[in-house]
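All remarks here apply to the structure that follows.
The values are calculated or read from the model by the stated rules, or taken from the named source; none is laboratory data. Because the structure is predicted, anything quoted here is derived from the model rather than measured. SASA here: full protein model, heavy atoms, side chains in, ligands and nucleic acids out. Shrake-Rupley method; radii C 1.70, N 1.55, O 1.52, S 1.80 Å.
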Amino acid sequence: MVSLDSLDFFLFRVSTDFSSPLAIFVQAQGCLICLLLALGWACASFVRNREINRIKKSMRNGNHFAFLCHDINELEHSNQIDLPRISVIMPLKGFGEHNLHNWKTQLTSLYGGPLEFLLVVESLEDPAYRAVSQLIADLEGSVDARVIVAGLSTTCSQKIHNQLVGVEAMHKDSKYVLFLDDDVRLHPGSIGALVSEMQKNPEIFIQTGYPLDLPSGSLGSYCIYEYHMPCSMGFATGGQTFFLWGGCMMMHSEDFRKDNCGVVSGLRDGGYSDDMTLAAIAGAHKKLISSPPVAVFPHPLATDLNFGRYWNYLRKQTFVLESYVTKVNQIMNRALFAVHFYLSWGFVAPYCMAVIHVAAALRFNARGNSLEEINYSSSVGLTMVWLLFTSTLIALLSMWNLTRIEVLLCNILSPEAPPLSLASYNWCKVFIAMLVDNFLYPLSAIRSHFSQAINWSGIIYYLKDGKINKIERLPKRQDVAPVFTDLGGKHLYGKKGLPTKGSFLTSLSKCLFQWRQPKRSE
């Protein structure tokens, strides 16, 4: 009884302390953060929904190919033959459950102009080499694609090294170069839409897009989804943006041939993150970054994405802020670090306070007192709990609405694919993921700041003065190095050369066959 009285005294005391002016400010700030998130998602929903309405209106007016282009006359042969040549560079690593489908959506684009695909791997031992070589062989004659072995990076991240090797090998007449991650699932008209925007506005330095995460059910996958959703606001502008996603970047090929603005040297000489480096270069030279409203891509997460792999992904994201190109870029990254740090715990703290207020109110009532008899300060605390609950509900509804609209837009842009659905989303897990992700972000950021090193897919990168100065590759043994990448659950290591006739080919053929099957009507 004494221990229970002590617990009650502690709860009442802490609840009273959490009703002080400073505590009320913290809780009100948490409500404001929720409402700002809701507003941002609502604005993003407006932009994406406006594009949906435009496509539907165009279809009603007789353009049944509105998912490919705004004006059906653009599909005339006379217009298609004038389309510029595009080089698509895809740095690959590992092979997982979603890669085959993703690669096929990229290689079977309905872009009408000259198009080449350069798929770049680190070595012949990468399982991606075997899998994509077989896919290209199956599509022989219908696509211009080849695999390039880049070798090991020595001055930058492996991904950037693969990209630059691909740039060196691209066709001399290519007007634009498109960098795609191997986990991007393109729509049939995605490349054409990006090219169209580049043609309309030659001032665009980089054209980009953003993924729509499809959680697999684990808490780790929901944390990834929740982490990306606030970022998605910056890509749903329908035009100019300050954000850049490395999974989809279209640029002028000439910028790489001539190293304009130092894009090649900036990436090659110690570059760790392709998108952060190029965004910094764009900012320093006042160049335009644009994101068209149709540039949203389904991103299925691995079914076995556990919490450990999520944590390493979060570490990678916070480690990015430790890399920089210029002093101004360093200051901006530090400012972003501080703001994100503050807002993350500013989001979580009110929920901790709310738990204390609710627990104290329940214990007060259990002792035979009614809630109406609670003193004034506790009543203020419960009022803040209700405000926080309302604000959270508004934020979740706004996030749900944006996800719903993006799912609908993806379904419209890929009418040949099995439709995406919101039915699999667990919104209780989404809320838990919001708390977990925002609590862990500052911890990850602190660790990244003091360690200055990150292990990504078995490669340890060390930074000095914002650039990579040392690369260490772990032995390819399961007890030493990871055998899976974090988000895709892809196998990183395999045997040399092309696969022989056997189970691998059989499995690959079955996957291709299933993907080609028409959708069942519901």
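Of T16, T318, T303, which has the most accessible area and how do the rest follow, probe 1.4 Å?
On the way: T16 55, T318 0, T303 95 Å².
Most to least solvent-accessible, the answer reads T303, T16, T318.
Annotation: amide H of L212 within the under-5 Å range of F297, H299, sequence separation 5 or more or interchain, hydrogens built in the peptide plane. The spacing between segment 392-409 and segment 145-163, judged by their C-alpha centroids, is 38 Å. The residues of segment 40-127 present an accessible area of 42 Å² per residue when probed at 1.4 Å with all protein chains retained.
Close amide H partners of G239, meaning residues 5 or more places away or on another chain with modelled amide H under 5 Å apart, are S291.
Per residue, segment 160-241 exposes an accessible area of 28 Å² to a 1.4 Å probe, with every protein chain left in place.
Its Cα gyration tensor gives segment 236-365 an equivalent ellipsoid. The semi-axes, each the square root of 5 times an eigenvalue, are 38, 18, 16 Å from largest down. Classify segment 217-304 as rounded, prolate or oblate from the Cα gyration tensor: take a ≥ b ≥ c as the square roots of its eigenvalues, call it rounded if a/c is under 1.5, otherwise prolate when a/b beats b/c and oblate if not. Taking the square roots of the gyration eigenvalues as a ≥ b ≥ c, segment 217-304 is prolate. Using only the Cα atoms of segment 65-172, each taken as one equal point scatterer with no solvent, compute I(q) by the Debye sum, divide by I(0), and report log10 of the ratio at q = 0.11, 0.13, 0.24 Å⁻¹. So the normalised log intensities are -0.41, -0.55, -1.31. Within the chain, antiparallel bridges make up roughly 50 percent of the DSSP beta bridges whose residues both belong there.
Accessible surface ranking for F337, F450, 1.4 angstrom probe, highest first: F450, F337.
Kindly express, to the nearest 10 degrees and within the range 0 to 90, the angle between helix 503-516's C-alpha long axis and the longest C-alpha principal axis of the chain. Taking Cα atoms only, the helix is inclined about 80 degrees.
Rolling a 1.4 angstrom probe over the protein heavy atoms with all chains in place gives segment 297-446 an accessible area of 46 Å² per residue. Would you calculate, for the chain, the mean residue ellipticity at 222 nm contributed by helices, counting each DSSP H stretch of 4 or more residues as -39,500 (n - 2.57) and dividing by all residues, to the nearest 500? Only helices count here, giving -17500 deg cm²/dmol. Compared with the dominant Cα axis of the chain, that is its longest principal axis, helix 307-319 is turned about 80°.
Note on segment 1-147: along the principal axes its Cα atoms extend 82, 51, 24 Å, ordered by decreasing extent.
Between segment 237-297 and segment 36-71, how far is it from one alpha carbon centroid to the other, in angstrom? For segment 237-297 versus segment 36-71, the Cα centre distance is 25 Å. Cross-linked pairs K327/K464; K56/K200; K316/K467; K327/K467; K258/K286; K286/K464: Cα-Cα separations exceed 20 Å for K56/K200; K286/K464.
What percentages, rounded to whole numbers, describe P(r) for segment 286-363 computed over all alpha carbon pairs with 10 Å bin width beginning at zero? Whole-percent P(r) values from 0 Å outward: 13, 22, 34, 22, 7, 2. When the solvent-accessible area of the chain is split by element, carbon and sulfur atoms take up 61 percent of it, the probe being 1.4 Å.
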